[in-house]
Amino acid sequence: MSLFLKLLALTLAQSVASEGTDDWCYSSQAKVLNCSGPEAWPGYCQTGEQSPINIITKQIKLNYSLVDFKFSGYDLKQETFIKNNGYTIKMPLPDSAKISGGGLSGTYKGVESHLHWSDSVDKGSEHTIDGKAFAMEMHVIHMKEKFANLSMALASSDRDAFAVLGFLIEASNQKHEGFQIILDALDKVSYKNGNTSTKPLSLEELLPDVKNRKKYFRYMGSLTTPDCDVKVIWTVFKTTIGLHKDQILQFSKKLFYNEKIQSTPSPSSSPIKDFPIIDNFRPVQELKNRIVYHNGVEGLLPHTWPKFLAPLLTYLLAILLY
Ligand SMILES: [Zn+2]
C-alpha cells in the first residue's frame with residue numbers, strides 16, 4: 001500500500017469514527033435487529049434544521065448569488081480507497097479536491113464521498129423532489145479549508161462548516177463507465193470493514209459534465225447520519241447521474257451490513273444469513289422555517305415566468321395604447 005493510500009485510509013478511519021457509536025441503524029435494519037432506527041438516533045438528530053428534505057419546487061426561491069461552482073482537483077485520476085463501513089461504501093477524498101464559488105463563503109476541501117441506495121429504482125435517494133425519490137444519491141462531502149481535520153470541523157460553531165454536494169442517480173439505458181470502476185471493486189468490500197482500492201478513477205468520471213453542474217437547489221441542513229451535526233450548506237444538483245438499472249441493483253445485491261459470518265461447526269443451529277444493505281437512506285425531515293433556493297429557470301419556467309412577463313406585458317400594452 002502506497003503512503004498516499006495509507007493517508008487516505010487514515011482519513012477514512014477518522015471519518016468513520018466521527019459517526020460516534022455505531023448502534024444506530026436505518027429503518028430497514030431496525031425492523032430485524034435490535035438497534036436504534038432514525039426516530040431514536042442520538043446526537044443532534046432530533047433537533048434543529050435536519051437533512052435530507054423533500055424539495056417542493058413550487059416553494060423554492062430564485063437566488064442570483066448562487067453562481068457557478070469552481071471545481072479543482074476533481075480530475076485527479078488515482079486508485080481510490082473504498083470501504084464498507086456497515087452503512088454504505090465510502091471513498092475518502094484528497095484535500096486537493098476543492099470547491100469554491102457556488103454561493104459558498106470560501107473554499108472547501110474534500111472529505112469523503114459515499115452512496116445511498118435501495119433494491120429498486122423508485123427509491124434509494126435521501127432527498128426527494130416534489131415527493132419523488134430517486135434510485136440512489138451520491139454525497140460529496142467537503143469541509144472549510146481552514147479546518148486541519150474532520151474533528152475540528154465537527155467541533156466548530158460554523159453553521160456552514162461542511163458543504164455537501166448531492167447528486168441524484170436515476171436508471172438509464174446506458175452503462176456508466178465511471179461507476180463501473182466502483183462496481184468492479186464491490187466483491188472485495190461485500191462485508192462490513194471490507195476495503196480495497198479501485199482502478200484509477202477521478203471524481204469527474206462519476207459526476208455529470210461540468211456544464212451540467214450549474215443548476216442546483218440550496219438550503220441549510222445537517223449531516224444525514226448520527227450525530228447529524230447541523231453544520232451543512234447543502235447543494236442538490238438538478239441534473240441527475242444515469243446508471244444502468246443492472247448497475248444500480250448490484251449495490252443491494254453485493255453489499256452487506258454485517259461482517260463476514262464464520263461458518264458454525266454445529267449443523268443443528270439455524271444458519272445465520274447475510275443482511276444486505278438496502279434502503280440506507282434517512283427519511284426526509286421537516287423543512288420548518290427554511291427556504292430552499294435555486295439559481296436557474298431551466299425546467300422551472302412556470303414559477304419564474306411571471307417575474308419576467310409582467311414588466312414585458314406592461315411595456316407592450318403601453319406601446320399599443322400609445
Ligand atoms: Zn450521505
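Among the residues of the stretch 205-217, those that are more than 16 Å from Met138 (Cα to Cα) and in contact with a Gly (Cβ under 9 Å, 6 or more places away or on another chain) comprise Lys214, Lys215.
Filtered by the rule that a residue be of a type outside the set (D, E, K, R), within 15 Å of the ligand (Cβ to nearest atom) and in a loop (DSSP other than H, G, I, E, B), the stretch 198-229 gives Leu206, Ser222, Leu223, Thr224, Thr225, Pro226, Cys228.
Quick grid of which residues meet (1) under 23 Å from Asp119 (Cα atoms); (2) surrounded by fewer than 20 Cβ atoms within 10 Å (Cβ to Cβ):
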position	(1), (2)
Glu205	no, yes
Val210	no, yes
Arg213	no, no
Thr225	yes, no
Val230	no, yes
Ile233	no, no
Val236	yes, no
Asp246	yes, yes
Lys254	yes, yes
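One residue is enough: does the stretch 82-90 have a residue meeting the conditions touching a Phe, Trp or Tyr at 6+ places or on another chain (Cβ under 7 Å) and either surrounded by 14 or more Cβ atoms within 10 Å (Cβ to Cβ) or closer than 29 Å to Ser252 by Cα (or both)? Scanning the stretch 82-90 turns up at least one residue that is touching a Phe, Trp or Tyr at 6+ places or on another chain (Cβ under 7 Å) and either surrounded by 14 or more Cβ atoms within 10 Å (Cβ to Cβ) or closer than 29 Å to Ser252 by Cα (or both).
Within the stretch 133-180, being free of Cβ contacts under 8 Å to residues at least 60 places away in the same chain, more than 16 Å from the ligand (Cβ to nearest atom) and buried (at least 19 other Cβ atoms within 10 Å of the Cβ) holds for Lys144, Phe147.
The set of residues from the stretch 206-236 being of a type in the set (Asp, Glu) and within 30 Å of Ala40 (Cα to Cα) comprises Asp227, Asp229. If the condition is being surrounded by 14 or more Cβ atoms within 10 Å (Cβ to Cβ) and charged (D, E, K, R), then the stretch 27-69 contributes Glu49, Asp68.
Any read-out appearing in this document is the output of simple, stated calculations on the displayed coordinates, not a laboratory observation. Since the structure is predicted, the reported quantities are computational estimates derived from the model, not experimental observations. Cβ coordinates were reconstructed from backbone atoms using ideal geometry, including for glycine residues, and neighbour counts include every protein chain displayed.
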